[in-house]
Amino acid sequence: MEIESEGKAVDLNYSVQDNEFRQEIRQWLESNLVGNFAQLRGLGGSGREHEAFEERLQWNRHLAAHGWSCVSWPKEYGGRGLSLQQQVIFHEEYARSNAPARVNHLGEELLGPTLIAFGTPEQQGRFLPRIIAVEDLWCQGYSEPGAGSDLAAVATKARLEDGKWIIDGQKVWTSLAHTANWCFVIARTEVGSKKHQGLSYLLVPMDQQGVEIKPILQLTGTSEFNEVFFDGATTDEDLVVGEAGAGWSVAMGTLGFERGVSTLAQQIAFQRELQVIIDLARRNGAINDPLIQDKIVQAHMGLDMLRMHGLRTLSGEQGIEASITKLLWAPWHRSLGELAMAVAGAGGLTVAEAPYQLDELQALYLFSRADTLYGGSDEIQRNVIAERVLGLPKEARV
């Protein structure tokens, strides 16, 4: 099977070696998701990061001890150096096994590849082995109260004094900051600089005086997002990735890694959520409603479109394609949450237990309301496509 991507044919057929690799990872997961680990199946993920965190951390370290951490990284940096097809296979099989969500995503999928692409040998030698072994957990210091999706408007400042960066400012919507011991922070390091200029990409330890973390209570009743306040926090002079003042390109590189191969596994999780909704519709009779039937068909079609688009973009650059991908899956997943409530009917309005114990579909609905906001709002993604691809006039900005 072939799909056109940027004028080139992408071969989606798997080789004998690829199929053997699929059997290897499938059998390993079956053999290892046993005992205490078996109880972790299906736990974690967006909106559910509070579930069995310490146990999932041990599972993540078990993966690492057997060579299943950072599988996409080149071998010379400690990874498995898997081919693109094998990376797809790994994420697909991991999702199909219903293995628990890993706690090391931000280090493995975002910072690690960023350091491989932009970091110094010293930074790579210091941090990459600890990411692989799941000894360091990372969070992402991008968004701010006055600069959500507009990363170029960050106001957090850092100045260099006596071999240390001194950092002052605030970040918001910082996922898993309360469990992380390091943060990669975008800060303005050149006085008087504006927009994309004068930004630096700093690696900042979280366990220090001058860093305050405040959880943000979400509609789901959980708090995986946080506010982070830097008040005289410090990091070493050499912990800037790329050149000081030239952090914009590094930050954009990280965002490109954010929506890579692992999004195909996300779609398998979406398929599982859709199946839960269909099963409920069959049990409560909602499946007999023509409108519900139509919405289920539309959801199936949308999911197939997401997968085909994901496969099509694998061989291309993840710049503008990342914006297109986000525009496709976020509204689809939000509508899936709405379908869940339509199927649940009046029962979806009451919690399972007081004071606020949500069931799986209620949590899906409430958390999915944020899908079109976090990670770059839909409005910002449309601006990126309009201005950078279509060449339309830039939107008037205050």
Considering only protein heavy atoms and a 1.4 Å probe, what is the carbon-and-sulfur percentage of the accessible area of the chain?
53 percent
Could you work out how much longer the chain between residue 338 and residue 272 gets when fully extended? Use 0.36 nm per residue separation minus the Cα distance between them, nm to one decimal.
22.2 nm
For the chain, percent of DSSP beta bridges that are antiparallel (nearest 5) comes out at 85 percent
In Å², rounded to a whole number, the accessible area per residue of region 138-242 with probe 1.4 Å is 44 Å²
Write down Rg/Rh for the chain, rounded to two decimals, with Rg from the C-alpha atoms and Rh from the Kirkwood relation over Cα pairs.
0.96
So, with +1 on the Cβ of K and R and -1 on the Cβ of D and E, and no other charges, what is the size of the charge dipole of the chain about its Cα centre, to the nearest 20 debye?
460 debye
Could you give the semi-axes, largest first, of the ellipsoid that matches region 127-191, computed as the square roots of 5 times the alpha carbon gyration tensor eigenvalues and rounded to whole Å?
23, 17, 9
Residue 390-residue 150 pseudo-label distance in nm [points 7 Å out on the Cα-to-Cβ vector]
2.1 nm
Would you mind counting up the charge near residue 336? Only other residues with Cβ under 13 Å from its Cβ, with Lys and Arg at +1 and Asp and Glu at -1.
0
Go through 30-38, 187-195 and give me the packing order, highest mean Cβ count within 10 Å leading.
187-195, 30-38
Neighbour net charge for residue 49 - beta-carbon separation under 10 angstrom, K R +1, D E -1
0
Between residue 235 and residues 5 or more places away or on another chain, which pairs have amide H atoms under 5 Å apart, with H built 1.01 Å from N, and which residues are they?
165
Residue separation between residue 237 and residue 98 times 0.36 nm, minus their alpha-carbon distance, gives in nm 45.8 nm
I'd like to verify something in the chain: which complete DSSP H helices, judged by Cα projection on the helix axis, reach 27 Å or more and average at least 0.5 on the Kyte-Doolittle scale?
320-344
What Kirkwood hydrodynamic radius, in Å, does region 278-398 give when the mean of 1/r is taken over all pairs of distinct Cα atoms and then inverted?
16.6 Å
Net charge over other residues, Cβ less than 11 angstrom from the Cβ of residue 176 (K, R count +1; D, E count -1):
-2
Largest first and rounded to whole Å, the semi-axes √(5λ) derived from the alpha carbon gyration tensor of region 35-79 read 24, 13, 8
Estimated [θ] at 222 nm from DSSP helical runs (n ≥ 4, -39500 (n - 2.57)) normalised by residues in the chain, nearest 500
-13500 deg cm²/dmol
How many Å² of accessible area per residue for region 20-95, probe 1.4 Å?
46 Å²
Report the charge-dipole magnitude of region 109-212 in Debye, nearest 20, computed about the Cα centre from +1 at each Lys and Arg Cβ and -1 at each Asp and Glu Cβ.
280 debye
At R0 = 51 Å the Cβ-Cβ FRET efficiency linking residue 283 and residue 214, nearest 0.05, sits at 0.80
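The values are calculated or read from the model by the stated rules, or taken from the named source; none is laboratory data. Quantities reported herein were computed from a predicted structural model and do not represent experimental measurements. Heads up, the Cβs are rebuilt from the backbone with ideal geometry, glycines too, and the neighbour counts pull from every protein chain shown. In case anyone asks, the SASA skips ligands and DNA or RNA and just uses the protein heavy atoms, side chains included. Shrake-Rupley method; radii C 1.70, N 1.55, O 1.52, S 1.80 Å.
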